[in-house]
1. So for 210, 117, 43, what's the accessible-area order with a 1.4 Å probe, most first?
2. What's the center-to-center distance, using Cα atoms, between the stretch 38-79 and the stretch 123-168 in Å?
3. Which of the trypsin sites (Lys or Arg not before Pro) found in the stretch 83-183 are loop residues per DSSP with 11 or fewer other Cβ atoms within 10 Å of their Cβ?
4. Could you provide, to the nearest whole Å², the per residue accessible area of the chain with probe 1.4 Å?
5. Filter the trypsin sites (Lys or Arg not before Pro) in the stretch 253-295 down to the DSSP loop ones having no more than 10 other Cβ atoms within 10 Å, then list what survives.
6. Taking all protein chains as present, what is the carbon and sulfur share of the accessible area of the stretch 242-298, in % to the nearest whole number, probe 1.4 Å?
7. Please list 289, 251 in order of solvent-accessible area, largest first, computed with a 1.4 Å probe with all protein chains present.
8. Compute the separation of the alpha-carbon centres of the stretch 1-31 and the stretch 97-121 and state it in Å as a whole number.
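The values are calculated or read from the model by the stated rules, or taken from the named source; none is laboratory data. Given the structure is predicted, the values throughout are model-derived calculations rather than measurements. Don't worry about glycine lacking a Cβ; one is built from the backbone with ideal geometry, like all the others, and counts go over all protein chains shown. Ligands, DNA and RNA are stripped out before the accessible areas are found, and what is left, the full protein with its side chains, is counted by its heavy atoms. Shrake-Rupley method; radii C 1.70, N 1.55, O 1.52, S 1.80 Å.
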Amino acid sequence: MEGLALKPDGIYFDGTVGGGNHSYEILRRSSPSGRLIATDLDDEAIAAATKRLSPFEGRFSIYKSNYKDFEAVLAAAGVEELDGALLDFGISSHQIDDEDRGFSYKIASAPLDMRMDTTSPLTAEIVLNTYSEAELTRILKEYGEETFAKQIARNVVKYRQNKVLKTSGEFSEIIRSSIPAKFRYGAPCERKSYQAIRIEVNKELDGLYDLVVGLTRRLKKGGRIVILTFQSLEDRIVKEAFRNMQSPCTCPSSFPVCVCGKKPEITIVNRKPITASEEELENNSRSKCAKLRIAEKL
């Protein structure tokens, strides 16, 4: 909230409304007539957020949409420029804890779903049972940065020759059996593979760079964009987008002066990402991976 530098009567965008807690604070702190436009793909989240934000009825609009489609959402809301924007990537605690959603490797009986939008046709079960070994290897290596991607993919293909993968427990067992015992200690060995399959199911990284640049350009002068990431791939994309918008010059380093004419569009507010404090880590262990970056429109 401090990063957004909220002001009364401002117009704000929350790309992942979730349970509505961020949106609630945005509306509270932008009173008396601040406006919020929010998006989410999860019907349960939209229902929960609508209820949570009911004290501010008339000041907010929630659209079932991917935040990457913000242009269409802002057009539908009749908004040209924003005073601030918030993007909170990743999945919510509610989604992780819901055993019917299949996001957690800790719930062995959970179906292999992993969809943020439960009406989307692609599920983790389809990915794991139909993608080729080469495709699975690429996904696990690229999206999960999994060292043993090839072994896991090979064993998934071998398993499904006799039986369709249907539960998290089955997938987790394949992962564990594919990783040498000495590498199974420390962080849960399933985490990287689950992240990779989830990213593929929801196409989370597709168009992310263009989203950050495009949404930032919809800010008013002095407007702030605040982005929370929960894994290194997302954070690298945000970092690169911010860096290129702050230092857009494409002239060779040998040139004595800039001749390309490209001007900085933003200033990066925090040089290094903000991470959770020790106090927050004690109360919320899931904040361990979170990184927050802030930029201000020039």
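1. Details: 210 110, 117 30, 43 70 Å².
The ranking, largest first, comes out as 210, 43, 117.
2. Here the two parts' Cα centres lie 35 Å apart.
3. On the way: sites: 101, 106, 115, 138, 141, 150, 154, 158, 160, 163, 166, 176, 182; in loops: 101, 106, 115, 163, 166.
Counting only loop positions with at most 11 other Cβ atoms within 10 Å, the trypsin sites (Lys or Arg not before Pro) in the stretch 83-183 are 163.
4. Values: 15090 Å² over 298 residues.
Solvent-accessible surface per residue comes out at 51 Å².
5. Working: sites: 262, 271, 286, 288, 291, 293; in loops: 262, 271.
Passing sites in the stretch 253-295 are 271.
6. Working: 2110 of 4140 Å².
In the stretch 242-298, the share of accessible area belonging to carbon and sulfur is 51 percent.
7. Details: 289 70, 251 25 Å².
Output order, biggest surface exposure first: 289, 251.
8. That distance is 29 Å.
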